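K.L.:
For reference, the structure I am asking about is given below.
The values are calculated or read from the model by the stated rules, or taken from the named source; none is laboratory data. Worth saying up front: this structure is predicted, and the values here are computed from it rather than measured. Counting neighbours? That spans all protein chains shown, and the Cβs are built from the backbone with ideal geometry, glycine included.
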Amino acid sequence: MKIFETVTDYREWRKSIGSQKTIGFVPTMGALHAGHASLLKKAREENDFTVLSIFVNPTQFNQKEDFDKYPKTEESDLALAKLHGVDAVFYPTDPKELYPHGYHYQVIENEFSKTLCGEFRPGHFEGVLTVVLKLFQIIMPTHAYFGEKDHQQLKLIEGMVSEFFLPVRIVPCATVREKDGLAMSSRNARLNREEKALASFLYEAMSKVDDLKAAKDKIEDKGFKVEYLNDVPEGSGSRRYIAAWLGKVRLIDNVKR
Ligand code: AMP
């Protein structure tokens, strides 16, 4: 498994494998778990090469504390990547590698990105879309894998790819959950034992209680602070999105209805 810390080194490898091969790309911020593993597995099944990126992107954090406390587990991340047959890891450790001139150019979406998480995390989706565009330009994948766990992000990336005619196919991947229903997330590592036991209630209530206000009340009664809980039309039905704080940890989830 190759590990590249610089754009130049990765590009040399990318050139060496030619343009006829398919490349399945899984962008992440590390602290890998079974959710990320499911994306890697799919990428490997469907492509000649699998590329993983690990980069904690500073521009998508709207709170310094969240960025500073983002879990870093380099050794186990690389072991998981190896186990899943990753061919190359793009692992820039210095943000300057991706932002050599600062943050003067940004990708901005003006509608959906201003709702749900975007309403409460100003600048978040601009950071996400900007770094994903940069990564696509560097990695040059044919396919890129994104989790439905971050469904708003997935939709915005699909929109960006379509609007800018980017030559990559976006492959959505189902949310991987703990046995009790809690959506796996790198931030779950920051829940204490008591909070971990409570956390699964979020998914249970949001998926079982039909009425929005009743669902919100039930969740808040358990000690969560709900940031938003909305049903958004999707196809012939809708999708329910939630963000809620449990102590100092912000959890998000969504379900198709
Ligand atoms: P992150 O490292 O949290 O930025 O996530 C990297 C990718 O993994 C994103 O496409 C996420 O949507 C996806 N992902 C994270 N958690 C899960 C999960 N529990 N199930 C499926 N995909 C996930």
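K.L.:
Of everything in region 159-194, what is within 12 Å of the ligand (Cβ to nearest atom), in contact with a strand residue (DSSP E or B) (Cβ under 7 Å, 6 or more places away or on another chain) and either assigned to a helix (DSSP H, G or I) or more than 25 Å from Glu74 (Cα to Cα) (or both)? Give them in sequence order.
P.N.:
Across region 159-194, the qualifying residues are Ile170, Val171, Pro172, Arg187.
K.L.:
Under the condition of being among the aliphatic types (A, V, I, L, M) and surrounded by fewer than 20 Cβ atoms within 10 Å (Cβ to Cβ), which residue from region 139-159 is farthest from Arg240 (Cα to Cα)?
P.N.:
Residue satisfying both the conditions and the ranking: Met140.
K.L.:
Among the residues that make up region 200-222, is at least one of them in a loop (DSSP other than H, G, I, E, B) and aliphatic (A, V, I, L, M)?
P.N.:
yes
K.L.:
Pairs under 8 Å by beta carbon, first residue over 23 Å from Lys41 (Cα atoms) in region 124-145, partner at pLDDT below 95, six or more apart or different chains?
P.N.:
His124/Asn62
K.L.:
Now for a different question. For Lys15, only one of the following conditions fails: (1) in contact with a helix residue (DSSP H, G or I) (Cβ under 9 Å, 6 or more places away or on another chain); (2) surrounded by fewer than 18 Cβ atoms within 10 Å (Cβ to Cβ); (3) assigned to a helix (DSSP H, G or I); (4) of a type outside the set (Asp, Glu). What is its number?
P.N.:
(1)
K.L.:
Being within 14 Å of the ligand (Cβ to nearest atom), in contact with a strand residue (DSSP E or B) (Cβ under 6 Å, 6 or more places away or on another chain) and either at pLDDT 95 or above or of a type in the set (D, E, K, R) (or both), is that true of even one residue in region 91-112?
P.N.:
Our first condition is that a residue be within 14 Å of the ligand (Cβ to nearest atom); within region 91-112, this holds for 91.
Then keep just the ones that are in contact with a strand residue (DSSP E or B) (Cβ under 6 Å, 6 or more places away or on another chain); that gives 91.
Going one step further and asking which of them are either at pLDDT 95 or above or of a type in the set (D, E, K, R) (or both), we end up with 91.
There is at least one residue in region 91-112 that is within 14 Å of the ligand (Cβ to nearest atom), in contact with a strand residue (DSSP E or B) (Cβ under 6 Å, 6 or more places away or on another chain) and either at pLDDT 95 or above or of a type in the set (D, E, K, R) (or both).
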